[in-house]
Amino acid sequence: AKEGGRGIYRFFKREMDESIRERRSLARDLKQGITDGELVVYYQPLARAADGEVCGFEALVRWQHPTRGMIPPLDFIPVAEENGLIAPLGEWVLRQACADAAAWEKPLRIAVNLSPLQLNNPALPTLVHEVLISTGLSPHRLELEITESALFKDYQRALDNLRRLKALGVRIAMDDFGTGFSSLSTLQSFPFDKIKIDKSFVENIHRHDRATVIVRAVLGLGRSLEIPVVAEGVETQEQINFLRSEDCAELQGYAIGRPGPLHTLEAWTRANPAP
Ligand code: C2E
Ligand code: CA
Ligand code: CA
Ligand code: CA
């Protein structure tokens, strides 16, 4: 039994060493990849619920790895956060997204995700200001999406950064609403410009009575606080009908459009031809 135990220990140790090695090699590749231009920004449309008109896009980063293929953000953002790479990565995404949006003929909004580590960096507002100036994007077209965990590390500093960003004219959205431990106190702590209901609730509309009630309640909360609510992960016409009837402001999800590279947005971002 003793031998077996040690064998199991050795087995787990080997697995662990491998996963640490794997992560280290991924971090090395990522550092190189950022400078070699392997990152790509995909854009997913957001539509006004009332008339289905596309009113903005969310920037979602991907990594085109030379041998591993397209890597989704949830597989490398944590690696970037653990290895001091989230600052250069986040700055690259912000700059790219703002530059792309500035070139659109229609002045649509562009939403960019911020890692909690970025929000805790006192240099963030200065960086955002500089990026707006150098890309020529007007501040009210930029929306920064943060999750409540961004306020956990250093609450005062994060809040101070949010205030300075808002003073620039940038909009702040609360992402993944309802999935954290204190969504309501986070909402109370800062005047967010938008609430994004997490897709885990939206996908269960009409499938679980409680999810339906929760979505309706969040929409009511947004209405009372006068904060527009966006539903993410909208995949069916049934969900669209429900969200529309409950006065949801904006919709995002595969039923509206999947994330795609810049060139696939042409039709949405060009000015309407003269009638
Ligand atoms: P998120 O901010 O909640 O982004 C929404 C995610 O839901 C995206 O996954 C999007 O592709 C996916 N999605 C959109 N519509 C639907 C739908 O109808 N059904 C389903 N099942 N999924 C849908 P993605 O692109 O894999 O991004 C995952 C997460 O990675 C994001 O979640 C965000 O937290 C993070 N992320 C992405 N880009 C960045 C970035 O530039 N910086 C940072 N810090 N995080 C990022
Ligand atoms: Ca987001
Ligand atoms: Ca989200
Ligand atoms: Ca999410």
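The values are calculated or read from the model by the stated rules, or taken from the named source; none is laboratory data. Because the structure is predicted, anything quoted here is derived from the model rather than measured. No Cβ is skipped: glycine too gets one built from the backbone with ideal geometry, and neighbour counts run over all protein chains shown. Heavy atoms of the whole protein, side chains included, go into the accessibility calculation; ligands, DNA and RNA do not. Shrake-Rupley method; radii C 1.70, N 1.55, O 1.52, S 1.80 Å.
The table below lists the values:
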quantity	calculated
Cross-chain or 6+ apart pairs with Cβ under 6 Å, the stretch 168-180 first and within 10 Å of ligand 1 (Cβ to nearest atom), then assigned to a loop (DSSP other than H, G, I, E, B) and open to solvent by less than 30 Å² (accessible area, probe 1.4 Å)	ASP176/ASP198; THR179/ASP198
Qualifying residue in the stretch 81-96 (condition: closer than 30 Å to SER245 by Cβ, open to solvent by 20 Å² or more (accessible area, probe 1.4 Å) and in contact with a strand residue (DSSP E or B) (Cβ under 7 Å, 6 or more places away or on another chain))	no
The one condition in (1) within 26 Å of GLU53 (Cβ to Cβ); (2) open to solvent by less than 40 Å² (accessible area, probe 1.4 Å) that PRO139 fails to fulfil	(2)
Per-region count, the stretch 125-183, residues more than 16 Å from ligand 2 (Cβ to nearest atom), over 25 Å from ALA103 (Cα atoms) and among the charged types (D, E, K, R)	6
Residue, farthest from ARG270 (Cα to Cα), within the stretch 109-144, restricted to residues that are in contact with a Cys (Cβ under 6 Å, 6 or more places away or on another chain) and more than 15 Å from ligand 1 (Cβ to nearest atom)	THR135
Strands (runs of 3 or more DSSP E) completely within the stretch 22-73 that count 3 or more residues being open to solvent by less than 30 Å² (accessible area, probe 1.4 Å)	39-48, 54-65
